[in-house]
Amino acid sequence: MLSLLPVWIAITFLAFGLGVIAPGDPAEAIYYHTFGVPPTDQAALDELREELGLNDPFLVRYGLWTYRAVQGDLGISYRTGDPVWNQMVSRLWATLKLALGGVMVALVIAFPLGILAAVRQDSSLDLAARLFSLIGAAMPSYWLAYLLILVFAVHLHWLPVAGSDSWQHLVLPCTTLGLSGAALLSRLLRSSMLEAMGNEYMRVARAKGLPERRVILVHALRNALIPVVTVMGTMLGFLLSGAIVIETVFAWPGLGRMMIDAISFRDYPVIQGFVIFAGTVFVLINLAVDVSYTWIDPRIRLAGGPDAGRN
(Lines give C-alpha, C1' and ligand atoms only; values in the text may rest on other atoms or scores of the structure.)
Protein backbone atom coordinates (compact mmCIF):
# COMPACT_ATOMS: atom_id res chain seq x y z
CA MET A 1 0.00 0.00 0.00
CA LEU A 2 2.89 2.35 0.70
CA SER A 3 4.22 1.72 -2.79
CA LEU A 4 0.98 3.13 -4.21
CA LEU A 5 1.74 6.61 -2.87
CA PRO A 6 4.55 7.49 -5.33
CA VAL A 7 2.43 6.10 -8.16
CA TRP A 8 -0.46 8.36 -7.21
CA ILE A 9 1.88 11.36 -6.88
CA ALA A 10 3.21 10.64 -10.37
CA ILE A 11 -0.37 10.52 -11.68
CA THR A 12 -1.19 13.91 -10.15
CA PHE A 13 2.04 15.42 -11.46
CA LEU A 14 1.30 14.15 -14.96
CA ALA A 15 -2.31 15.38 -14.87
CA PHE A 16 -1.34 18.85 -13.66
CA GLY A 17 1.70 19.12 -15.95
CA LEU A 18 -0.30 18.27 -19.06
CA GLY A 19 -2.87 20.88 -18.11
CA VAL A 20 -0.17 23.51 -17.73
CA ILE A 21 1.59 22.86 -21.05
CA ALA A 22 -1.66 22.42 -23.00
CA PRO A 23 -2.56 25.25 -25.39
CA GLY A 24 -4.96 27.94 -24.22
CA ASP A 25 -5.16 30.37 -21.32
CA PRO A 26 -7.33 29.40 -18.32
CA ALA A 27 -7.93 33.07 -17.53
CA GLU A 28 -9.25 33.71 -21.04
CA ALA A 29 -11.52 30.65 -20.82
CA ILE A 30 -12.99 31.75 -17.49
CA TYR A 31 -13.37 35.32 -18.77
CA TYR A 32 -15.28 34.08 -21.81
CA HIS A 33 -17.54 31.88 -19.68
CA THR A 34 -18.24 34.73 -17.25
CA PHE A 35 -18.95 37.51 -19.73
CA GLY A 36 -19.86 35.59 -22.86
CA VAL A 37 -17.43 37.51 -25.07
CA PRO A 38 -13.74 37.09 -25.92
CA PRO A 39 -11.45 38.92 -23.47
CA THR A 40 -10.59 42.47 -24.44
CA ASP A 41 -9.55 43.99 -21.10
CA GLN A 42 -5.92 43.07 -20.49
CA ALA A 43 -5.98 44.51 -16.98
CA ALA A 44 -8.93 42.32 -16.05
CA LEU A 45 -7.12 39.29 -17.46
CA ASP A 46 -3.99 40.07 -15.47
CA GLU A 47 -6.03 40.48 -12.30
CA LEU A 48 -7.80 37.17 -12.96
CA ARG A 49 -4.47 35.38 -13.52
CA GLU A 50 -3.23 36.75 -10.22
CA GLU A 51 -6.38 35.53 -8.41
CA LEU A 52 -6.01 32.07 -9.94
CA GLY A 53 -2.33 31.91 -9.03
CA LEU A 54 -1.29 31.46 -12.64
CA ASN A 55 1.68 33.76 -12.13
CA ASP A 56 3.13 31.57 -9.36
CA PRO A 57 5.98 29.08 -10.03
CA PHE A 58 5.01 25.68 -11.35
CA LEU A 59 5.82 23.71 -8.18
CA VAL A 60 3.88 26.17 -6.02
CA ARG A 61 0.82 25.83 -8.23
CA TYR A 62 1.18 22.04 -8.30
CA GLY A 63 1.42 21.85 -4.52
CA LEU A 64 -1.68 24.01 -3.99
CA TRP A 65 -3.61 22.11 -6.65
CA THR A 66 -2.68 18.73 -5.15
CA TYR A 67 -3.61 19.92 -1.66
CA ARG A 68 -7.06 20.95 -2.89
CA ALA A 69 -7.44 17.74 -4.92
CA VAL A 70 -6.87 15.59 -1.82
CA GLN A 71 -9.73 17.51 -0.18
CA GLY A 72 -12.02 16.88 -3.17
CA ASP A 73 -11.58 20.30 -4.79
CA LEU A 74 -10.62 19.61 -8.41
CA GLY A 75 -11.30 23.12 -9.63
CA ILE A 76 -14.05 24.74 -11.67
CA SER A 77 -15.08 23.66 -15.15
CA TYR A 78 -14.29 26.27 -17.82
CA ARG A 79 -17.32 25.19 -19.83
CA THR A 80 -20.08 25.00 -17.23
CA GLY A 81 -18.68 26.94 -14.27
CA ASP A 82 -19.59 24.06 -11.93
CA PRO A 83 -17.15 22.27 -9.60
CA VAL A 84 -15.40 19.41 -11.39
CA TRP A 85 -15.98 17.06 -8.46
CA ASN A 86 -19.75 17.60 -8.63
CA GLN A 87 -19.79 16.88 -12.35
CA MET A 88 -17.86 13.64 -11.88
CA VAL A 89 -20.04 12.45 -9.00
CA SER A 90 -23.23 13.15 -10.97
CA ARG A 91 -22.01 10.91 -13.80
CA LEU A 92 -20.30 8.22 -11.75
CA TRP A 93 -23.45 6.18 -11.11
CA ALA A 94 -24.21 5.94 -14.83
CA THR A 95 -20.69 4.70 -15.56
CA LEU A 96 -20.81 2.31 -12.61
CA LYS A 97 -24.01 0.70 -13.89
CA LEU A 98 -22.53 0.32 -17.35
CA ALA A 99 -19.23 -1.10 -16.06
CA LEU A 100 -20.79 -3.65 -13.71
CA GLY A 101 -23.31 -4.70 -16.36
CA GLY A 102 -20.58 -5.20 -18.94
CA VAL A 103 -18.44 -7.24 -16.53
CA MET A 104 -21.40 -9.43 -15.57
CA VAL A 105 -22.19 -10.18 -19.21
CA ALA A 106 -18.53 -10.99 -19.86
CA LEU A 107 -18.33 -13.37 -16.90
CA VAL A 108 -21.59 -15.15 -17.73
CA ILE A 109 -20.32 -15.87 -21.25
CA ALA A 110 -16.59 -16.34 -20.69
CA PHE A 111 -16.52 -18.76 -17.76
CA PRO A 112 -18.79 -21.51 -19.13
CA LEU A 113 -17.30 -21.12 -22.60
CA GLY A 114 -13.67 -21.16 -21.41
CA ILE A 115 -14.16 -24.10 -19.05
CA LEU A 116 -16.06 -26.24 -21.57
CA ALA A 117 -13.53 -25.44 -24.31
CA ALA A 118 -10.69 -26.62 -22.07
CA VAL A 119 -12.50 -29.77 -20.91
CA ARG A 120 -13.46 -30.69 -24.48
CA GLN A 121 -10.21 -29.69 -26.12
CA ASP A 122 -10.10 -29.95 -29.95
CA SER A 123 -13.82 -30.66 -30.13
CA SER A 124 -16.32 -28.70 -32.21
CA LEU A 125 -17.22 -26.72 -29.08
CA ASP A 126 -13.58 -25.82 -28.55
CA LEU A 127 -13.29 -24.74 -32.18
CA ALA A 128 -16.40 -22.57 -31.86
CA ALA A 129 -15.05 -20.99 -28.66
CA ARG A 130 -11.72 -20.16 -30.29
CA LEU A 131 -13.51 -18.72 -33.33
CA PHE A 132 -15.65 -16.57 -31.04
CA SER A 133 -12.54 -15.33 -29.26
CA LEU A 134 -10.81 -14.52 -32.53
CA ILE A 135 -13.78 -12.61 -33.96
CA GLY A 136 -14.44 -10.81 -30.67
CA ALA A 137 -10.82 -9.71 -30.33
CA ALA A 138 -10.61 -8.54 -33.95
CA MET A 139 -13.92 -6.66 -34.10
CA PRO A 140 -13.79 -3.01 -32.88
CA SER A 141 -16.27 -2.29 -30.13
CA TYR A 142 -17.92 0.57 -32.01
CA TRP A 143 -18.52 -1.70 -35.02
CA LEU A 144 -20.13 -4.31 -32.80
CA ALA A 145 -22.23 -1.59 -31.19
CA TYR A 146 -23.57 -0.44 -34.56
CA LEU A 147 -24.34 -4.03 -35.57
CA LEU A 148 -26.37 -4.56 -32.40
CA ILE A 149 -28.18 -1.27 -32.94
CA LEU A 150 -28.96 -2.21 -36.53
CA VAL A 151 -30.39 -5.61 -35.56
CA PHE A 152 -32.15 -5.05 -32.23
CA ALA A 153 -33.11 -1.38 -32.45
CA VAL A 154 -33.58 -0.55 -36.13
CA HIS A 155 -34.94 -3.82 -37.58
CA LEU A 156 -36.52 -5.64 -34.63
CA HIS A 157 -37.47 -2.55 -32.58
CA TRP A 158 -36.85 -4.47 -29.35
CA LEU A 159 -34.51 -2.05 -27.63
CA PRO A 160 -33.89 1.71 -27.62
CA VAL A 161 -30.91 3.11 -29.47
CA ALA A 162 -29.65 5.65 -26.94
CA GLY A 163 -30.38 7.18 -23.55
CA SER A 164 -30.39 6.03 -19.93
CA ASP A 165 -34.00 6.25 -18.77
CA SER A 166 -34.67 2.56 -18.06
CA TRP A 167 -33.00 -0.84 -17.74
CA GLN A 168 -33.68 -1.44 -21.44
CA HIS A 169 -31.19 1.29 -22.31
CA LEU A 170 -28.51 -0.77 -20.52
CA VAL A 171 -28.94 -3.90 -22.62
CA LEU A 172 -27.15 -2.89 -25.83
CA PRO A 173 -24.15 -1.05 -24.32
CA CYS A 174 -23.63 -3.73 -21.64
CA THR A 175 -23.87 -6.47 -24.26
CA THR A 176 -21.34 -4.69 -26.44
CA LEU A 177 -18.88 -4.34 -23.59
CA GLY A 178 -19.58 -7.86 -22.34
CA LEU A 179 -19.03 -9.57 -25.69
CA SER A 180 -15.74 -7.76 -26.21
CA GLY A 181 -14.55 -8.72 -22.72
CA ALA A 182 -15.84 -12.29 -22.98
CA ALA A 183 -13.79 -12.92 -26.12
CA LEU A 184 -10.55 -12.15 -24.27
CA LEU A 185 -11.47 -13.79 -20.97
CA SER A 186 -12.73 -17.05 -22.47
CA ARG A 187 -9.53 -17.54 -24.48
CA LEU A 188 -7.36 -16.75 -21.48
CA LEU A 189 -9.39 -19.01 -19.19
CA ARG A 190 -9.17 -21.86 -21.69
CA SER A 191 -5.37 -21.58 -21.86
CA SER A 192 -5.03 -21.36 -18.07
CA MET A 193 -7.35 -24.32 -17.55
CA LEU A 194 -5.42 -26.46 -20.00
CA GLU A 195 -2.18 -25.65 -18.20
CA ALA A 196 -3.72 -26.43 -14.80
CA MET A 197 -5.29 -29.69 -16.01
CA GLY A 198 -1.87 -30.96 -17.07
CA ASN A 199 -0.40 -30.70 -13.57
CA GLU A 200 0.29 -33.58 -11.21
CA TYR A 201 -2.28 -32.53 -8.58
CA MET A 202 -5.09 -33.15 -11.09
CA ARG A 203 -4.09 -36.82 -11.40
CA VAL A 204 -3.82 -37.03 -7.61
CA ALA A 205 -7.31 -35.57 -7.20
CA ARG A 206 -8.76 -38.10 -9.64
CA ALA A 207 -6.85 -40.92 -7.96
CA LYS A 208 -8.53 -39.98 -4.67
CA GLY A 209 -11.88 -40.68 -6.29
CA LEU A 210 -13.14 -37.08 -6.34
CA PRO A 211 -16.01 -36.38 -8.74
CA GLU A 212 -14.87 -35.00 -12.09
CA ARG A 213 -16.96 -31.86 -11.64
CA ARG A 214 -15.18 -31.10 -8.34
CA VAL A 215 -11.80 -31.79 -9.90
CA ILE A 216 -12.52 -29.32 -12.71
CA LEU A 217 -14.35 -26.56 -10.83
CA VAL A 218 -12.31 -26.60 -7.62
CA HIS A 219 -8.81 -27.80 -8.38
CA ALA A 220 -8.34 -26.76 -12.02
CA LEU A 221 -10.43 -23.60 -12.06
CA ARG A 222 -9.04 -22.11 -8.87
CA ASN A 223 -5.46 -22.60 -10.03
CA ALA A 224 -6.30 -21.08 -13.41
CA LEU A 225 -7.86 -17.91 -12.00
CA ILE A 226 -4.80 -15.73 -11.33
CA PRO A 227 -4.20 -14.51 -14.92
CA VAL A 228 -7.95 -14.23 -15.47
CA VAL A 229 -8.43 -12.10 -12.35
CA THR A 230 -5.56 -9.86 -13.47
CA VAL A 231 -7.21 -9.20 -16.83
CA MET A 232 -10.61 -8.77 -15.18
CA GLY A 233 -9.18 -6.09 -12.91
CA THR A 234 -7.70 -4.22 -15.87
CA MET A 235 -10.98 -4.47 -17.77
CA LEU A 236 -13.00 -3.21 -14.82
CA GLY A 237 -10.57 -0.32 -14.40
CA PHE A 238 -11.06 0.73 -18.00
CA LEU A 239 -14.84 0.51 -17.70
CA LEU A 240 -15.00 2.43 -14.42
CA SER A 241 -12.84 5.12 -15.99
CA GLY A 242 -15.47 5.52 -18.66
CA ALA A 243 -16.10 3.38 -21.71
CA ILE A 244 -15.54 6.39 -23.94
CA VAL A 245 -16.39 4.85 -27.31
CA ILE A 246 -19.48 2.98 -26.11
CA GLU A 247 -20.80 5.91 -24.10
CA THR A 248 -20.44 8.10 -27.17
CA VAL A 249 -22.17 5.65 -29.51
CA PHE A 250 -25.12 5.09 -27.17
CA ALA A 251 -25.26 8.70 -25.85
CA TRP A 252 -24.73 7.35 -22.34
CA PRO A 253 -24.26 10.16 -19.77
CA GLY A 254 -21.22 8.73 -18.05
CA LEU A 255 -17.65 9.76 -17.33
CA GLY A 256 -16.44 8.80 -20.79
CA ARG A 257 -18.96 11.10 -22.45
CA MET A 258 -17.97 13.87 -20.02
CA MET A 259 -14.33 13.38 -21.01
CA ILE A 260 -15.12 13.67 -24.72
CA ASP A 261 -17.02 16.92 -24.14
CA ALA A 262 -14.16 18.26 -21.99
CA ILE A 263 -11.59 17.51 -24.69
CA SER A 264 -13.76 19.12 -27.36
CA PHE A 265 -14.05 22.34 -25.33
CA ARG A 266 -10.47 22.21 -23.92
CA ASP A 267 -11.92 22.09 -20.43
CA TYR A 268 -8.60 21.31 -18.72
CA PRO A 269 -9.82 21.18 -15.07
CA VAL A 270 -12.28 18.43 -16.04
CA ILE A 271 -9.57 16.57 -17.97
CA GLN A 272 -7.19 16.82 -15.01
CA GLY A 273 -9.87 15.59 -12.61
CA PHE A 274 -10.69 12.68 -14.89
CA VAL A 275 -7.02 11.67 -15.17
CA ILE A 276 -6.70 11.64 -11.37
CA PHE A 277 -9.90 9.64 -10.98
CA ALA A 278 -8.92 7.09 -13.64
CA GLY A 279 -5.43 6.70 -12.21
CA THR A 280 -6.76 6.25 -8.68
CA VAL A 281 -9.24 3.63 -9.88
CA PHE A 282 -6.49 1.62 -11.57
CA VAL A 283 -4.22 1.88 -8.53
CA LEU A 284 -6.93 0.64 -6.15
CA ILE A 285 -8.07 -2.15 -8.47
CA ASN A 286 -4.49 -3.36 -8.89
CA LEU A 287 -4.16 -3.40 -5.11
CA ALA A 288 -7.36 -5.43 -4.80
CA VAL A 289 -6.16 -7.87 -7.49
CA ASP A 290 -2.81 -8.35 -5.74
CA VAL A 291 -4.51 -9.02 -2.42
CA SER A 292 -6.94 -11.46 -4.06
CA TYR A 293 -4.00 -13.62 -5.17
CA THR A 294 -3.46 -14.75 -1.58
CA TRP A 295 -7.06 -15.98 -1.42
CA ILE A 296 -6.99 -17.72 -4.80
CA ASP A 297 -3.67 -19.45 -4.14
CA PRO A 298 -2.78 -19.88 -0.44
CA ARG A 299 0.83 -20.59 -1.44
CA ILE A 300 1.19 -16.90 -2.28
CA ARG A 301 2.02 -14.65 0.67
CA LEU A 302 2.37 -10.91 0.74
CA ALA A 303 5.95 -9.73 1.14
CA GLY A 304 6.82 -9.20 4.78
CA GLY A 305 4.09 -11.53 6.07
CA PRO A 306 4.70 -14.17 8.73
CA ASP A 307 5.20 -16.88 6.10
CA ALA A 308 7.23 -14.78 3.66
CA GLY A 309 10.52 -16.36 4.73
CA ARG A 310 9.27 -19.85 3.95
CA ASN A 311 8.23 -19.07 0.38
Checklist line | The one condition in (1) over 24 Å from Met88 (Cβ atoms); (2) open to solvent by less than 60 Å² (accessible area, probe 1.4 Å) that Gly53 fails to fulfil | finding: (1)
Margin query: Anything in region 63-86 that is in contact (Cβ under 8 Å) with a residue 24 or more places away in the chain, touching a Gly at 6+ places or on another chain (Cβ under 8 Å) and open to solvent by 20 Å² or more (accessible area, probe 1.4 Å)? List them, or say none.
Written below: Trp65, Gly75, Trp85
Notebook entry, point to check: In region 153-189, what residues are closer than 12 Å to Ala110 by Cβ and of a type in the set (A, V, I, L, M, F, W, C)?
Noted result: Leu179, Ala182, Ala183, Leu184, Leu185, Leu188, Leu189
Check: Taking region 249-280, which residues are more than 11 Å from the chain's Cα centre (by Cα), over 19 Å from Pro83 (Cβ atoms) and surrounded by 18 or more Cβ atoms within 10 Å (Cβ to Cβ)?
Finding: Val249, Phe250, Trp252
Margin query: When the residues of region 74-106 are narrowed to those that are of a type in the set (D, E, K, R) and touching a Leu at 6+ places or on another chain (Cβ under 9 Å), which ends up farthest from Ala183 (Cα to Cα)?
Written below: Arg91
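Looking for something part of a helix (DSSP H, G or I), of a type in the set (Ser, Thr, Tyr) and more than 21 Å from the chain's Cα centre (by Cα) - is there at least one such residue anywhere in region 109-124?
The initial filter retains those residues of region 109-124 that are part of a helix (DSSP H, G or I), namely 109-119, 124.
Next, only the ones that are of a type in the set (Ser, Thr, Tyr) stay: 124.
Now narrow it down to the ones that are more than 21 Å from the chain's Cα centre (by Cα): 124.
Scanning region 109-124, I find at least one residue that is part of a helix (DSSP H, G or I), of a type in the set (Ser, Thr, Tyr) and more than 21 Å from the chain's Cα centre (by Cα), so the answer is yes.
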Next item on the list: Please determine, by comparing only the residues of region 207-230 that are among the aliphatic types (A, V, I, L, M) and open to solvent by 40 Å² or more (accessible area, probe 1.4 Å), which one is farthest from Ile296 (Cα to Cα).
Entry: Ala207
Note to self: Just to be sure before I move on: is Ala196 in contact with a His (Cβ under 7 Å, 6 or more places away or on another chain) and either free of Cβ contacts under 8 Å to residues at least 24 places away in the same chain or within 19 Å of Ile115 (Cβ to Cβ) (or both) in the structure I sent?
What the structure shows: no
Notebook entry, point to check: Yes or no: Ser141 among the hydroxyl-bearing types (Ser, Thr, Tyr) and either touching a residue at least 12 places away in the same chain (Cβ under 8 Å) or within 26 Å of Trp295 (Cα to Cα) (or both)?
Noted result: yes
Item checked: Single residue of Leu189, Leu184 found to be open to solvent by less than 40 Å² (accessible area, probe 1.4 Å) and within 22 Å of the chain's Cα centre (by Cα) -> Leu189
Next item on the list: Quickly run through region 263-279 and pick out the residues that are within 14 Å of Leu74 (Cα to Cα), outside any loop (DSSP other than H, G, I, E, B) and out of contact with any Leu (no Cβ under 9 Å at 6 or more places or on another chain).
Entry: none
Next item on the list: Scan region 76-85 residue by residue and report those that are part of a helix (DSSP H, G or I) and farther than 15 Å from Ile276 by Cβ.
Entry: none
Next item on the list: Restrict the check to region 113-129 and report whether at least one residue is hydroxyl-bearing (Ser, Thr, Tyr), open to solvent by 60 Å² or more (accessible area, probe 1.4 Å) and under 17 Å from Val249 (Cα atoms).
Entry: no
Checklist line | Ile109 closer than 30 Å to Gly163 by Cβ, open to solvent by 50 Å² or more (accessible area, probe 1.4 Å) and either out of contact with any Pro (no Cβ under 7 Å at 6 or more places or on another chain) or at pLDDT 85 or above (or both) | finding: yes
Notebook entry, point to check: Among Glu200, Glu195, which is the only one that is within 24 Å of Ser292 (Cα to Cα) and open to solvent by 50 Å² or more (accessible area, probe 1.4 Å)?
Noted result: Glu195
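The values are calculated or read from the model by the stated rules, or taken from the named source; none is laboratory data. These figures come from a predicted structure and were not determined experimentally. All Cβ positions, even for glycine, are placed from backbone atoms using ideal geometry, and neighbour counts span all protein chains on display. The accessibility values were calculated without ligands, DNA or RNA, using every heavy atom of the protein model including side chains. Shrake-Rupley method; radii C 1.70, N 1.55, O 1.52, S 1.80 Å.
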